[in-house]
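First the structure, in the form of structure tokens, and then the observations on it.
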Amino acid sequence: MTTPVRDLPLLFLGTGSDPASERGVDCPGELPAASDPGLVERARAAKAALGDQVFVLGHHYQRDEVIQFADVTGDSFKLAQQAAARPDAPYIVFCGVHFMAESADILTAGHQQVVLPDLAAGCSMADMATFDQVEECWEALEDAGIADDVVPVTYMNSSADIKAFVGRHGGVVCTSSNAKRALDWAYSKGSKVLFLPDQHLGRNTGVLEMGFSLDDCVVYNPHRPDGGLTHQQMRDAKMLLWRGHCSVHGRFSKESVDDVRARVPGVNVLVHPECRHEVVLNADQIGSTEYIIKTIEAAPAGSAWAVGTELNLVKRLAGAHPDKNIMFLDKTVCFCSTMNRIDLPHLVWSLEALARGEVVNRIEVDAETAHYARVALDQMLALP
Ligand code: SF4
């Protein structure tokens with residue numbers, strides 16, 4: 001029996017953890033005070049003491065105070081690959097969120113230990129698809145007589161459990177850079193796709209890049225019996241979109257786009273495909289985090305860009321390109337609150353613990369889950 005997300009007990013920050021979801025919040029041990037003026041020096045000293053023993057990964061959405069200690073920066077998949085390419089480092093400190101650290105653990109060698117400096121750094125989107133809910137959805141597809149025609153595709157931003165589910169059912173993982181290639185492959189294997197957990201990436205790719213109509217896509221709501229769909233609706237659909245979204249990118253609206261165009265004549269609107277369909281339809285360019293960075297780098301001096309992605313990244317891009325007018329697409333602040341859980345005190349705490357030989361906040365995926373998740377990840381790497 002599935003427990004609807006709304007019925008999960010509330011976990012106050014720092015009190016308890018939920019290993020079955022992205023909402024782990026326990027942080028054992030003493031954290032240094034955020035006001036400690038020596039934090040930067042302590043992080044430097046601990047990292048220097050660890051030397052090649054540690055490899056620090058920093059996601060593009062991390063705070064400046066953390067990203068300065070990253071050995072490599074990137075999106076979630078690039079970072080997991082980078083971790084796997086450094087088998088000489090026994091400790092991987094992942095400054096990102098929980099599902100990313102899981103992917104790094106899956107892709108790295110057995111002797112490497114992955115540390116997430118704050119276990120409260122989860123991802124609200126990944127939490128929108130739990131294993132039980134997805135199992136229940138699959139049963140509904142079986143009852144509708146279409147499960148054999150459906151290939152599951154999950155976005156990288158999902159838990160290891162969901163990646164493993166997809167691996168077990170002959171599907172594939174995708175990123176925002178290769179979603180079209182993953183869908184092309186999936187439709188060569190079956191006539192329908194169940195796209196998890198981000199409805200927007202699925203819809204935007206299906207409609208804008210695969211030529212589907214909006215009516216070809218139906219939304220499966222895990223909080224309603226049979227996802228709120230009739231069997232006929234399931235049978236008629238080409239794409240079943242899981243009802244999940246990113247709480248950061250989902251905030252941008254068509255009004256944000258109209259407003260910036262009115263305020264800044266000639267502005268280019270550049271957004272991430274996790275944004276809502278109405279936003280990408282009204283944008284000038286759409287692309288992954290890496291695409292956004294490259295586009296801004298290549299833009300001519302004097303050009304104006306309104307960027308619809310996480311605020312830490314937009315601020316860093318603006319700082320790195322003072323010759324261009326780079327602004328945040330929305331008027332209100334839009335950080336990823338869970339990414340921002342990783343701060344300097346947590347980084348110092350985890351590095352100093354490692355320097356003492358103590359591994360804290362290790363993220364470890366069990367062998368069977370890791371095996372099937374790897375099947376789906378390897379299928380992504382093998383995409384034509
Ligand atoms: S930006 Fe969105 S998808 Fe990325 S970690 Fe935050 S909530 Fe999850």
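The values are calculated or read from the model by the stated rules, or taken from the named source; none is laboratory data. If you're wondering where the values come from, they're calculated on a predicted model, not measured in any experiment. A quick note on method: Cβ atoms are made from the backbone with ideal geometry, for glycine too, and the neighbour counts reach across all protein chains shown.
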Practice task
Inspect all residues belonging to the range 74-81 and state whether any of them is in contact with a Pro (Cβ under 9 Å, 6 or more places away or on another chain), of a type in the set (Asp, Glu), modelled with pLDDT under 95 and on the phi < 0 side of the Ramachandran plot.
Solution key: no
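Would you point out which residue out of 43, 89 is in a helix (DSSP H, G or I), among the hydrophobic types (A, V, I, L, M, F, W, C) and either at pLDDT below 95 or surrounded by 19 or more Cβ atoms within 10 Å (Cβ to Cβ) (or both)? Reasoning before the result, please.
Values: 89 fails: in a helix (DSSP H, G or I).
Sole residue among the options that is in a helix (DSSP H, G or I), among the hydrophobic types (A, V, I, L, M, F, W, C) and either at pLDDT below 95 or surrounded by 19 or more Cβ atoms within 10 Å (Cβ to Cβ) (or both): 43.
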Handout entry: Odd one out for residue 111, checked against (1) out of contact with any Gly (no Cβ under 6 Å at 6 or more places or on another chain); (2) more than 18 Å from residue 51 (Cβ to Cβ)
Key = (2)
Handout entry: Failed item, numbered, when residue 221 is tested on (1) among the polar types (S, T, N, Q); (2) surrounded by fewer than 24 Cβ atoms within 10 Å (Cβ to Cβ); (3) in contact with a His (Cβ under 7 Å, 6 or more places away or on another chain)
Key = (3)
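Does residue 80 qualify as being within 16 Å of the ligand (Cβ to nearest atom), within 21 Å of residue 336 (Cβ to Cβ) and of a type in the set (A, V, I, L, M)? Lay out the reasoning, then the answer.
On the way: within 16 Å of the ligand (Cβ to nearest atom): yes; within 21 Å of residue 336 (Cβ to Cβ): yes; of a type in the set (A, V, I, L, M): yes.
Taking the combined requirement at face value, the residue satisfies it.
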Fill in the blank from the handout: A careful count of residues in the range 264-316 that are within 16 Å of the ligand (Cβ to nearest atom) and either of a type outside the set (A, V, I, L, M, F, W, C) or part of a helix (DSSP H, G or I) (or both) gives 22
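Tell me the residue from 208, 240 that is in the same structural domain as residue 151 (by TED's automatic domain parsing) and surrounded by fewer than 20 Cβ atoms within 10 Å (Cβ to Cβ), please.
On the way: 240 fails: surrounded by fewer than 20 Cβ atoms within 10 Å (Cβ to Cβ).
Criteria check complete, one pass: 208.
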Practice task
Considering only the range 147-227, give the strands (runs of 3 or more DSSP E) lying wholly within it that have at least 1 residues that are closer than 28 Å to residue 279 by Cα, more than 16 Å from the ligand (Cβ to nearest atom) and without any contact (Cβ under 8 Å) to a residue 60 or more places away in the chain.
Solution key: 150-155, 192-196, 217-220
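Matching residues to (1) in the same structural domain as residue 266 (by TED's automatic domain parsing); (2) without any contact (Cβ under 8 Å) to a residue 24 or more places away in the chain:
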site: 305; (1), (2): yes, no
site: 310; (1), (2): yes, no
site: 318; (1), (2): yes, yes
site: 343; (1), (2): no, no
site: 350; (1), (2): no, no
Handout entry: Index of the failed condition, residue 356 passing every other in (1) more than 16 Å from the ligand (Cβ to nearest atom); (2) among the basic types (Lys, Arg); (3) surrounded by 19 or more Cβ atoms within 10 Å (Cβ to Cβ)
Key = (3)
Exercise for the section: Show the residue pairs that are 6+ apart or on different chains and have beta-carbon atoms under 6 Å apart, the first residue being within the range 325-339 and within 14 Å of the ligand (Cβ to nearest atom), the second being of a type in the set (D, E, K, R). Expected result: 334/251; 336/310
Fill in the blank from the handout: Of those in the range 97-143 that are among the aromatic types (Phe, Trp, Tyr) and away from the ligand (no atom under 16 Å from the Cβ), the residue farthest from residue 274 (Cα to Cα) is 138
Practice task
Identify the residue in the range 104-127 that is assigned to a helix (DSSP H, G or I) and of a type in the set (D, E, K, R) and, among all such residues, is surrounded by the most Cβ atoms within 10 Å (Cβ to Cβ).
Solution key: 105
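Determine whether the range 229-248 contains at least one residue that is farther than 17 Å from residue 162 by Cα, within 16 Å of the ligand (Cβ to nearest atom) and in a helix (DSSP H, G or I). Outline the logic, then answer.
Filtering the range 229-248 for residues farther than 17 Å from residue 162 by Cα gives 229-239, 247-248.
From what is left, the residues that are within 16 Å of the ligand (Cβ to nearest atom) are 247-248.
Imposing the further condition that a residue be in a helix (DSSP H, G or I) reduces the set to none.
Checked against the condition, which is being farther than 17 Å from residue 162 by Cα, within 16 Å of the ligand (Cβ to nearest atom) and in a helix (DSSP H, G or I), the range 229-248 yields no hits at all.
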